[in-house]
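First the structure, in the form of structure tokens, and then the observations on it.
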Amino acid sequence: MRIAAIAVLLAALATTARADDDALAEAMRLEAQLQYEPALVIIEREIARGAADHDRLVTLHLFAGKLAAGLDRTPVAIDHFARLLALDPKATFSDGTSPKITEPFDIARARTSPLQITAALKADAITIVPTSDPLGLVAGIAIKLADGRELREQQKRRIEIPAGARATEVTALDAFGNRVWSQPVTVHVTTKQPIVIKHGTPGWAIWAGATVAVLGGAGVCAWRFDVAHKEWREKLDAGTDFTDLQAIEQRGKRWALAANIGFGLAGATAIIATVVYIKTPRATPTVTASGDAVGLAIVGGF
């Protein structure tokens, strides 16, 4: 029953839709009318609003670079394209794109290194360290907690975890608060003595089964997100209508949301399984371990 309930919850989350991005749609409309100046103002205002996730920020910088190039503001176009390429090094334009756009894009590519970040947990805090950030994109840090809360530090790269709370995701923020990098929290345990398991009745098995089921569902959601992202990139390069691109993007974000929550739920059920396992009577399995380090390490880049 618990497994079925979790599966229903994941399915419901996967169908949650986000509000239409009216600002981006208006900028697209203005671009079609060759009104590049007001369109660029809208896009740069959206970037400054600080509400974009990684993929949305990539889209905004791509669009801003195109508009700036169309206005012959080459330095502005190069800056936006450089930020785009730091976040998504594989970004490109389709054959036949105007040299007015591709020339500043190629200049930005020659100058730009991909953003690379490491993050580490020390007891009660998480710290992020940019190992490659020539544009100075990383300004702050955010973490998601297992209880659904998000904590932010806009001007710091270190954030404390409240007592009794568990972090499930760490995010790097730019100066506006946009998400430039995110990774799930993974715990690594180093032990001096091997883990000893004594056989007995599996009273904890239902929670272990729930963990496996939720991980499977989250994995499917993550796969569907990857499919949507690749489709979005292919259609963007092909010059597909914005409405189709927006529909694909929203679908991908729903899958990403379901995957993130699924992995968080899997972590929670795994902890419950462990607690039940340890607290069962003497005739049931027990786990004992000793170690000298319990911590977290996340490494990723775009």
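Observations on the structure shown:
- Boolean, residue 250 is modelled with pLDDT of 75 or more and either over 19 Å from the mean Cα position of the chain (by Cα) or of a type outside the set (Asp, Glu) (or both): yes
- Qualifying residue in the range 31-41 (condition: modelled with pLDDT of 95 or more and closer than 23 Å to residue 117 by Cα): no
- The lone criterion from (1) surrounded by 13 or more Cβ atoms within 10 Å (Cβ to Cβ); (2) in contact (Cβ under 8 Å) with a residue 40 or more places away in the chain left unmet by residue 153 is number (2).
- Of the numbered criteria (1) hydroxyl-bearing (Ser, Thr, Tyr); (2) surrounded by 17 or more Cβ atoms within 10 Å (Cβ to Cβ); (3) in contact with an Asp or Glu (Cβ under 8 Å, 6 or more places away or on another chain), the one residue 94 fails is (2).
- Any hit, the range 124-138, residues being in the same structural domain as residue 74 (by TED's automatic domain parsing), surrounded by 13 or more Cβ atoms within 10 Å (Cβ to Cβ) and charged (D, E, K, R): no
- Qualifying residues in the range 97-123 (those that are of a type in the set (A, V, I, L, M, F, W, C) and under 30 Å from residue 163 (Cα atoms)) - the one surrounded by the most Cβ atoms within 10 Å (Cβ to Cβ): 117
- Per the conditions (1) aliphatic (A, V, I, L, M); (2) crowded, with 17+ Cβ neighbours inside 10 Å; (3) within 19 Å of residue 169 (Cα to Cα), the sole criterion not satisfied by residue 51 is (2).
- Just one of the listed residues (27, 14, 7) is surrounded by 13 or more Cβ atoms within 10 Å (Cβ to Cβ), at pLDDT below 95 and farther than 30 Å from residue 265 by Cα, namely 27.
The values are calculated or read from the model by the stated rules, or taken from the named source; none is laboratory data. Just so we're clear, the structure is a prediction, and the values are computed from it rather than from any experiment. A quick note on method: Cβ atoms are made from the backbone with ideal geometry, for glycine too, and the neighbour counts reach across all protein chains shown.
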